[in-house]
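In what follows, a structure is listed as structure tokens, so that the remarks can point back to it.
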Amino acid sequence: LDPGDGTPILVDELWDYSQCNIAACAEAAPTLRQRYVPPGFVPSTPVRQGDHLGPLVFIGPTSGGSYAGRAPCWRSLTAALGKSRLARFQNAFDEEHLGAALQRSGAFLNLHKRCDSPAQPLESFRVSRLLSSSALVVSERACAADEREFEGLADFAAAARLADVYLGLANKSR
């Protein structure tokens, strides 16, 4: 492996959380041993319990810088669901803030940095953490190999259908 300046990086093997990333790295460095290491169950704050599902919650930024690619999906979801059925927690990356997000709803959204790019690796660490909290996860389509790892655990749909999938889950929870 080469960081771009000609200096080799000496590693024995590469570990990654995404089957899709492993396949891409195998093409770039076919002699390097590669291991898929899936994220597992993490004891966590359980999601909000109640008589209805709550809004569809996204954790993370939806615009600006390297996240600008999420903006079209976010605008589309806002138009389809309205602000009362959609929520965002920009900085829920520690236990306290994640706990607050988990208490807001039982349904969470997974979007790639570039929305409507179904061949992207699944954000497995985020999805695994949400599932450990008993959340329902509605995710934009991802690399097929990564989707298979979460089949039956998360609901995958094309970006244009994410609102419909959430509404279907919300209607079942009544």
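The values are calculated or read from the model by the stated rules, or taken from the named source; none is laboratory data. All of these numbers come straight from a predicted model, not from anything done at the bench. Backbone-built Cβ (ideal geometry, glycine too); neighbour counts: all protein chains shown. In case anyone asks, the SASA skips ligands and DNA or RNA and just uses the protein heavy atoms, side chains included. Shrake-Rupley method; radii C 1.70, N 1.55, O 1.52, S 1.80 Å.
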Note on SER84: of the conditions (1) open to solvent by 60 Å² or more (accessible area, probe 1.4 Å); (2) polar (S, T, N, Q); (3) at pLDDT 95 or above, unmet is (3)
In the set GLY40, GLY69, GLY54, which member is in contact (Cβ under 8 Å) with a residue 24 or more places away in the chain, on the phi > 0 side of the Ramachandran plot and not hydroxyl-bearing (Ser, Thr, Tyr)? GLY54
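Could you grab me the full set of residues in segment 13-72 that are among the polar types (S, T, N, Q) and either surrounded by 17 or more Cβ atoms within 10 Å (Cβ to Cβ) or over 30 Å from LYS83 (Cβ atoms) (or both)?
Taking segment 13-72 as the starting set, the residues that turn out to be among the polar types (S, T, N, Q) are 18-19, 21, 31, 34, 44-45, 49, 62-63, 66.
SER18, GLN19, ASN21, THR31, GLN34, SER44, THR62, listed by residue number.
Please pick out the residue among LEU77, LEU32, LEU81 that is of a type in the set (A, V, I, L, M) and either farther than 28 Å from SER134 by Cα or free of Cβ contacts under 8 Å to residues at least 60 places away in the same chain (or both).
On the way: LEU77 fails: either farther than 28 Å from SER134 by Cα or free of Cβ contacts under 8 Å to residues at least 60 places away in the same chain (or both); LEU81 fails: either farther than 28 Å from SER134 by Cα or free of Cβ contacts under 8 Å to residues at least 60 places away in the same chain (or both).
LEU32 is the lone residue from the list that is of a type in the set (A, V, I, L, M) and either farther than 28 Å from SER134 by Cα or free of Cβ contacts under 8 Å to residues at least 60 places away in the same chain (or both).
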Would you please list the contacts, defined by Cβ atoms under 9 Å and residues six or more apart or on different chains, that run from a residue in segment 89-114 that is assigned to a helix (DSSP H, G or I) to a residue that is modelled with pLDDT under 90 and among the basic types (Lys, Arg)? LEU98/ARG129; LEU102/ARG48
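If you take the residues of segment 87-141 that are among the acidic types (Asp, Glu) and open to solvent by 10 Å² or more (accessible area, probe 1.4 Å), which of them is nearest to the chain's Cα centre (by Cα)? First the steps, then the outcome.
First pass over segment 87-141, keeping only residues among the acidic types (Asp, Glu): 94-96, 116, 123, 140.
Filter once more, keeping what is open to solvent by 10 Å² or more (accessible area, probe 1.4 Å): 94-96, 116, 123.
Numbers: ASP94: 16, GLU95: 18, GLU96: 20, ASP116: 13, GLU123: 4 Å.
The extreme case among them is GLU123.
I need the strands (runs of 3 or more DSSP E) fully contained in segment 1-79, keeping only those with at least 2 residues that are modelled with pLDDT of 80 or more and in contact with an Asp or Glu (Cβ under 9 Å, 6 or more places away or on another chain). Walk me through it before giving the result.
Numbers: elements: 13-16, 33-36, 56-59.
Per the criteria, 33-36.
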